[in-house]
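Have a look at the structure below before the remarks.
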Amino acid sequence: MENGFILGNKILDIVVVALVIAQTIKVLYTLFKEKKLNFRKFLDTGSMPSSHTASVVSLATAVGILEGIGTALFAISAVFAIVVMYDSTGVRRAAGKQATVLNKIVENIRKKEGHTILEENLRELIGHTPLEVIVGAVLGAAVAVIMS
């Protein structure tokens with residue numbers, strides 16, 4: 001494997017580039033959708049595309065291309081990618097939906113009884129829609145193919 005140009009490891013470089021591109025797209029997507037520039041989106045999770053998915057798919061794709069799909073390293077990377085993608089659309093998405101419901105309950109209690117149960121709302125956008133994961137996967141694979 002050739003040395004990388006950013007971190008000295010080509011596979012790690014591919015993952016970092018995929019992550020940075022995905023997070024940059026989030027900022028641009030928010031600018032397009034909400035008509036305001038929000039650099040905080042560069043560090044946020046959730047939204048379009050899934051940067052977690054872009055990272056793990058770029059990792060698995062780069063390992064497959066550079067090390068071979070018959071290697072244990074590829075198998076580990078591929079399983080890791082599948083688990084992350086499943087988790088982001090399953091468990092983490094459900095947690096985000098539950099946070100939305102809990103925030104509404106707390107707000108209703110606050111309005112009716114004047115009690116402050118939480119100082120701040122729970123974070124609602126935790127997981128991803130299947131489309132956000134698919135776009136992240138395509139992005140990650142494309143970055144790995146282009147950079148390998």
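The values are calculated or read from the model by the stated rules, or taken from the named source; none is laboratory data. Model, not experiment: these values are computed from the prediction. Neighbour counts run over all protein chains shown; Cβ positions are idealised from the backbone, glycine included.
Descriptive notes on the structure:
- Residues of region 43-86 that turn out to be in a helix (DSSP H, G or I) and farther than 17 Å from ALA22 by Cα, as a count: 17
- If you go through region 20-30 and keep only what is surrounded by fewer than 14 Cβ atoms within 10 Å (Cβ to Cβ) and not hydroxyl-bearing (Ser, Thr, Tyr), you end up with just LEU28.
- Answer residue from region 41-68, given it is aliphatic (A, V, I, L, M) and at pLDDT below 95 and is surrounded by the fewest Cβ atoms within 10 Å (Cβ to Cβ) among those: LEU43
- Test: residue in region 25-46 that is touching a Leu at 6+ places or on another chain (Cβ under 7 Å) and on the phi > 0 side of the Ramachandran plot: yes
- Of note, LYS33 does not satisfy the criterion of being in contact with a Ser or Thr (Cβ under 8 Å, 6 or more places away or on another chain) and modelled with pLDDT of 75 or more.
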